[in-house]
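Remarks on the structure that follows.
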Amino acid sequence: MLELLAAASSSFPPVDQDYLLEARQMQALSFAVHIPLVCFGVAFPALVIFMEWLGLRTGKAHYTAIARRWSKVMITLFAAGVVSGTLLSFELGLLWPGFMASFGDVFGLAFGLEGFSFFIEAIFITIYVYGWDRMSPKRHLLSGIPAMAAGITGSLLVISVNAWMNSPSGFDVNAAGEVVNVRPWEALFGNGHLWPQMTHMYLAAYIVVGFGIAGVYAVGWLRGRRGTYFRTAMVVPLALACLAAPTQILIGDWSARAVAEDQPIKLATFEGLYKTTEGAPETIFGWYTEDNTIEYGIEIPKMLSMLAYHDPNATVQGLETVPEDDWPAINVVRIAFQTMVGIGTGLAALAAWFLFVWFRRKRLPRSKWFFRAVILAGPAAVVALIAGWVTTEVGRQPWVVYQVMRTEEAVTGADGIVFGYGVLAAVYVALIIATWWVLRRVARAPFPPEIAALERTPDDGPPSGDEREAEE
Amino acid sequence: MTLAEVPVILMLIGIAAYVVLAGADFGAPFWSLTARGERGKEIRTATHQAMAPVWEANHVWLIFVLVVCWTVYPEVFASIFSTLWIPLLLACLGIIMRAVGYMVSGVEDRPWVWVLATVSSFVTPFALGTVVGATVAGEVPAGNAAGDLFTSWLNPTSIMIGILAITLCAYLAAVYLAGDARRTGRQGLSEAFRTRGLVAGAVTGLVGVVGIAVLNEDAGRVYDGLTSGAGLVAVLISAAAGLLTMASLAARRFNIARFSAAAAVAAVIAGWGLAQEPEMLPGLTIESAAASDNVIIGLLVSVAIGLLILIPSLLLLYGLVLGGRFDPGGESTGAGEKTPAFGLKPPRVAIVVLTLIVAAVGWTLTFVSDSGPGLYLGVAMVLITLFGGGVMLAFSLISTDQ
Ligand code: HDD
Ligand code: HEM
Ligand code: HEM
C-alpha cells in the first residue's frame, strides 16, 4: 500500500506556475459569487415555510401571497447557486489538482454526503415551488421541510471541509511526505474548528437573508407602501436578523478563540502582532508597515489577550515566531477582519435600536433613518460575509492545508489561467445581471386581486408627529 | 471484482443517469432550431414546461460523478482536470447558459434566451464528449497538466465522441418530448417530435458505427475491448435497445421508447467501462489509483445512506412530473380547503421570560466555557432561544396591526 501511494503522489510534484495569484483570485471571485447566493439556500426556506404556515393557521391571504412570491425568488436564487456551485466543484480540479490528488480522499467523504444533500434540496425546492395548489396545503408545507434541512446539512458538510483545511486531522504524513493512513470520518467531524465555523456561517446566512429581504421592503416603506402585506414581509425577516446580529458577536468571539487555539499565526495576523506579548493590546485601524509596527492604529491595552483567551494577562504568540515566508498578506487580512467586526457591531447596534423601541413602545421605530439603515444593512451584511471569508482564507495562506501543504504546491501546472479567469469574470457578470433581471420581473408581477384590494387602504395612516421629530 | 472497482461502477451509473436525464435537457433546445413561427414557439414552451421542474435534480448527477472520482481516484481526477481544463471550462459555460435559460424562461419567453440555450445544447455535450474521448484514447497522462493542452481533446476519438454526444442528446430529447407532448394532449407536437426522433436516431446510429471505425484507428485497446467478450455483448445489447427504441417510436409507443433509449445508453456506457478496464489513465490502473479501503468503505456507507433518502425522493419528483401534477393549468387540489383560522396573539409573558432566562444562561455558558459540554450546551441554548425568540417576536410584531 505504501509503495502504491508513493507512486501515486510522485506524479504530482510542485510545478512552476507564474499565475498563482490569478488562480487564487479566480477562486476568490467564485466564492464571492457563490456564498452570498447560498445564504438564501440556507436561510430562505425556513422563512418561506414560516409564512406559509402562518397563512394556513390564520386563513389570511397575505401570508400565503408572500410565501408564494418568495418561493419564486427562492428558486431563482437557487438556480444561480446551483450553477455557481457546479463551477466551484470544477474549479477544485481546474485550479488545485495538486491539492485534490493528495487530499481528495481525505475530505472527499464530506462532498459525497454533500452531493446527496444537494439532490434533496433540488428535488424538494422544485416540488415546493411547482406544488402550489397541486397538493393539499399540509403536504405542500411538509414538502418544504426537507429543503430546509438540506440547506443546513449542505452547509455543514462543506464547512467541515474548510474547517479541516484550517485544522487538518484524519491522516498521517510519512517520512517521504506522502499522505497515509487516511481516516475520513475523523477528518470530517473530528476537528473542533467545525462547530464555531458552522454556527457562525449559519447565523451569517440568516443575517444576510433577513436584512436583505427586509431592506427591499424598507425601500417600499419609505415610499409609502406600508400595508399589511408589506409590513409583514418586512417585519418577519427583520425580527430574525435583529436577533441573529447580536448573537453573531458572541459566536464570532467563539470563532476567534478557536483561531487562537488552532492557528496562532492567523490570530497574530488579524491583529498585526509582531512580538509575542503578555497582556497583548488590541489595535484598531492602522496599517502594518515594513518595520513590523502598526501606523495610525488605536491601541486598547490588554484587549487582545482578553478577547482571545478571556484573560487580560494571557500570552499571545506573535508573527516573529515563524519565518516571514509563512506570513499571510497581513494588511489584507487585518482590513478584512476589521471590516467584518465593524459591520457586525453596526448591525448589532441597529438590532438593539429595533429591539429597544419594540420593547418600550410596542411598535417599529418611526425614524426614516432606521429604515435607511435597514436598506443599507443587507449589502453591508454581504460585505461582512465576504470579508469574513477573506479573513479565514487569506489568513490561512500560504497554506492550503494548514501547515501541511502550501498553496503553490496545490496549483495547476496548466497554461492559460489568465484567459480562463477573464472568461469566468465575464460569465459571472452576465449571471448576476440575468439573476437581477429575473428578480425584477418577479417583483413586478401583479398581485392577486384580494391582496391588491388590501393594499389600497394602507393602515398606518399619514406620518405622525413622532416621525417628524425623529427626522430633525 | 475488488473493492477498488466498486466506485467505478458507481461512477458509470452516475454518468449513465447524467447522460439520459441531463442529456434530454441539453438536447431539447436543439429542436428550437428546426422550427419557426408558431411551431417554434410551441416547441419552446413545451420544452421549458417539460424540463424546468427536473433540470436541477438532473444536474446533481454530474456533481456525484465528480465527487466519487476525486474521493476514490484523486489522482485520476486531478490529472483529467488539469490537462483538459479547456473543454471542462467550456462544458461549465454551457451549463451556466442552460441554467440562465431556465431562470429567464420561468418569467418570460425571450428569443435570445433560446439562442443561448441552443448554443449550450452543442457546447456542453460536445465538450464533455471530448473529455470522455480523451480518456478512451489514452491522451491524459497521470500528472499535473501533463497532457497536451489541445491535442489531448482535439483528436479523432474525442471529436467523434463529442459529435456522438450532441446527436445523442438531441435524440433523447425528441424521444422524451414526443411522449410528454402526447401526455399533455398536444398531438401535432408529439408527431413533430416523433419525426425528429426518428431522424436523430438514425443519425446517432450512423455516428456510432463510424465511431467504432475511428476507435479502431485511434484507440486500439478500447476498440478491442468493445469488439470481444463482455464488451461486445454490451455493444450488441445497446444496438438491440436502440433498434427497439426506433421501432417503438415508429409505433408511437413512447413509454417503451423512453426506457429502451435509456437502456441503450446504459449498455454502451457499461461497455466502455468493460473495455477500458483495468487502466483508467495510461499506466494507472483502477487498483493503483484507488484510495485506501477505509475511504472506499466510508464512501460506500454514505452512498448507501444517501440512496435510502434519495431514491424515494426522486421517485416522488418524477412521479409528480410524469403524472402531470406540475403541468400548467392542471387541476388544483385542496386549494379551497378550509383551515381553522386563529388570530395571532403576542406570546404569553411567562414564555417570554423563560426564553430570556434560557438565553441568558446560554450566552453566559458560551462566553465563559473554553471547550467541552458546557460550551456546546451554551451554544445549543443560544440557537434554540434565537429561533424561538424570532418566531415569538415575529408573532407579536405582526399581530399588533391585525
Ligand atoms: C454576516 C456576516 C458576519 C458578521 C456580521 C460577522 N462575521 Fe465573522 N465571519 C463571517 C461572517 C460574519 C463568515 C461567514 O464570512 C466567516 C468566514 C469563515 C467562517 O466560518 O465564517 C467569518 C469568520 C470569522 C472569523 C475567522 C474564523 C476562522 O478563521 O476560522 C472570526 C475570528 C470572526 N469571524 C469573528 C467575528 C466577530 C468577532 C464578529 C463580530 C462582530 C463577526 N465575526 C461578525
Ligand atoms: C470548502 C470550502 C471552502 C470555502 C468555503 C472557501 C472559501 C473561500 C473564500 C470565500 C475565498 C475568498 C477570499 C478572497 O475573497 O480573497 C477563498 C479564497 C481562496 N481559497 Fe478557499 N474555500 C474553500 C475551499 C478551498 C479549497 C478547496 C481551496 C483549494 C486549494 C481553496 C483555496 C483558496 C485560495 C488559494 C484562495 C485565495 C486566497 C487569496 O487570494 O489569497 N479554498 N476561499
Ligand atoms: C469548495 C467549496 C464549494 C463547492 C465545491 C461547492 C459546490 C456546490 C455545488 C456543486 C452546488 C450545486 C448543488 C446542486 O446542484 O443543487 C452548491 C450549492 C450549494 N452550496 Fe456550495 N460549494 C462550495 C462552498 C459552499 C459554501 C462555503 C457554502 C456555505 C454555506 C455552500 C453551501 C451551499 C448550499 C446551501 C447550496 C445549495 C444551493 C443553493 O441554495 O443555492 N457551498 N455548492
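The values are calculated or read from the model by the stated rules, or taken from the named source; none is laboratory data. None of these values were measured; they are calculated from a predicted model. Here the Cβ positions follow ideal geometry from the backbone for every residue, glycine too, while neighbour counts run over all protein chains shown. These area figures cover heavy atoms from the full protein model, side chains too; ligands, DNA and RNA do not enter into them. Shrake-Rupley method; radii C 1.70, N 1.55, O 1.52, S 1.80 Å.
The single condition among (1) away from chain B (no Cβ under 11 Å); (2) in a helix (DSSP H, G or I); (3) away from ligand 1 (no atom under 14 Å from the Cβ); (4) over 30 Å from A:Arg57 (Cα atoms) that A:Ala175 does not satisfy is (2).
For the structure I just gave you, tell me whether A:Thr232 is within 11 Å of another protein chain (Cβ to nearest Cβ), within 16 Å of ligand 2 (Cβ to nearest atom) and in a helix (DSSP H, G or I). No.
Results for (1) at pLDDT 75 or above; (2) open to solvent by less than 70 Å² (accessible area, probe 1.4 Å), shown as yes or no for each residue.
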position: A:Val259; (1), (2): yes, yes
position: A:Gly279; (1), (2): no, yes
position: A:Gly297; (1), (2): no, yes
position: A:Pro301; (1), (2): no, no
position: A:Leu304; (1), (2): yes, yes
position: A:Gly318; (1), (2): yes, yes
position: A:Asp325; (1), (2): yes, no
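Across segment A:351-384, the number of residues qualifying as within 16 Å of ligand 3 (Cβ to nearest atom) and buried (at least 21 other Cβ atoms within 10 Å of the Cβ) comes to 2. B:Gly185 satisfies every condition listed in (1) within 30 Å of A:Ser102 (Cα to Cα); (2) part of a loop (DSSP other than H, G, I, E, B) except (1). Close Cβ contacts (under 9 Å, 6 or more residues apart or on different chains) running from residues in segment A:341-358 that are within 14 Å of chain B (Cβ to nearest Cβ) and within 16 Å of ligand 1 (Cβ to nearest atom) to residues that are outside any helix (DSSP H, G or I) and open to solvent by less than 50 Å² (accessible area, probe 1.4 Å) comprise A:Phe354/A:Leu364; A:Phe354/A:Pro365. Checking the stated criteria, A:Trp185 turns out to be within 13 Å of chain B (Cβ to nearest Cβ), assigned to a helix (DSSP H, G or I) and either away from ligand 3 (no atom under 16 Å from the Cβ) or charged (D, E, K, R) (or both).
In the set (1) in contact with a Leu (Cβ under 6 Å, 6 or more places away or on another chain); (2) farther than 30 Å from A:Ala110 by Cβ, B:Ile269 fails one condition alone, (2). Exactly one residue out of B:Ala234, B:Ala240 is buried (at least 22 other Cβ atoms within 10 Å of the Cβ), in a helix (DSSP H, G or I) and of a type in the set (A, V, I, L, M, F, W, C): that is B:Ala234. Could you say whether any residue in segment A:224-246 is basic (Lys, Arg), open to solvent by 30 Å² or more (accessible area, probe 1.4 Å), away from ligand 1 (no atom under 16 Å from the Cβ) and closer than 19 Å to A:Arg366 by Cα? For segment A:224-246, residues basic (Lys, Arg), open to solvent by 30 Å² or more (accessible area, probe 1.4 Å), away from ligand 1 (no atom under 16 Å from the Cβ) and closer than 19 Å to A:Arg366 by Cα: present. Residues in segment B:308-323 that are surrounded by 14 or more Cβ atoms within 10 Å (Cβ to Cβ) and part of a loop (DSSP other than H, G, I, E, B): there are none. May I ask you to verify whether A:Leu157 is within 16 Å of ligand 1 (Cβ to nearest atom) and in contact (Cβ under 8 Å) with a residue 12 or more places away in the chain? The answer is yes for A:Leu157. Within segment A:62-78, one or more residues are in contact with a helix residue (DSSP H, G or I) (Cβ under 6 Å, 6 or more places away or on another chain), open to solvent by less than 20 Å² (accessible area, probe 1.4 Å) and at the interface with chain B (Cβ under 7 Å from one of its Cβ atoms). For A:Gln17, indicate whether it is within 12 Å of ligand 3 (Cβ to nearest atom) and either modelled with pLDDT under 90 or of a type in the set (D, E, K, R) (or both). Taking the combined requirement at face value, the residue does not satisfy it. If you scan segment B:142-160, which residues turn out to be in contact with a Gly (Cβ under 6 Å, 6 or more places away or on another chain), open to solvent by 20 Å² or more (accessible area, probe 1.4 Å) and part of a helix (DSSP H, G or I)? Within segment B:142-160, B:Met160 is the sole residue that qualifies. Contact map, segment A:115-137: residues that are facing chain B (nearest Cβ under 7 Å) paired with residues that are open to solvent by 10 Å² or more (accessible area, probe 1.4 Å) and aromatic (Phe, Trp, Tyr), Cβ distance under 7 Å, separation 6+ or inter-chain. Pairs shown: A:Gly115/B:Phe64; A:Tyr130/B:Phe326; A:Arg134/B:Phe326.
May I ask you to list the residues in segment B:301-318 that are of a type in the set (A, V, I, L, M) and touching a residue at least 60 places away in the same chain (Cβ under 8 Å)? Of everything in segment B:301-318, those that are of a type in the set (A, V, I, L, M) and touching a residue at least 60 places away in the same chain (Cβ under 8 Å) turn out to be B:Val303, B:Leu314, B:Leu317. In segment B:266-282, the residues that are among the charged types (D, E, K, R) reach residues that are open to solvent by 60 Å² or more (accessible area, probe 1.4 Å) and modelled with pLDDT under 80 with C-beta atoms within less than 9 angstrom, at least six apart or across chains, in these pairs: B:Glu279/B:Arg221. Out of all the residues in segment B:103-113, is one or more in a helix (DSSP H, G or I) and within 15 Å of ligand 3 (Cβ to nearest atom)? Checking segment B:103-113: at least one residue is in a helix (DSSP H, G or I) and within 15 Å of ligand 3 (Cβ to nearest atom). Only one of the listed residues (A:Gly144, A:Gly154, A:Gly190) is within 12 Å of chain B (Cβ to nearest Cβ) and either out of contact with any strand residue (DSSP E or B) (no Cβ under 7 Å at 6 or more places or on another chain) or within 15 Å of ligand 2 (Cβ to nearest atom) (or both). That residue is A:Gly154.
Here the condition is being within 14 Å of chain B (Cβ to nearest Cβ) and open to solvent by 30 Å² or more (accessible area, probe 1.4 Å); of A:Gly413, A:Gly422, it holds for A:Gly422 alone. Every listed requirement among (1) closer than 24 Å to B:Ser369 by Cα; (2) within 16 Å of ligand 2 (Cβ to nearest atom); (3) small (Gly, Ala, Ser) is met by A:Ala329 save one, (1). All told, A:Ser102 meets the bar of being more than 9 Å from ligand 3 (Cβ to nearest atom) and within 9 Å of another protein chain (Cβ to nearest Cβ). Taking the condition of being within 11 Å of ligand 3 (Cβ to nearest atom) and open to solvent by 30 Å² or more (accessible area, probe 1.4 Å), how many residues in segment A:105-147 meet it? Qualifying residue count for the region: 2.
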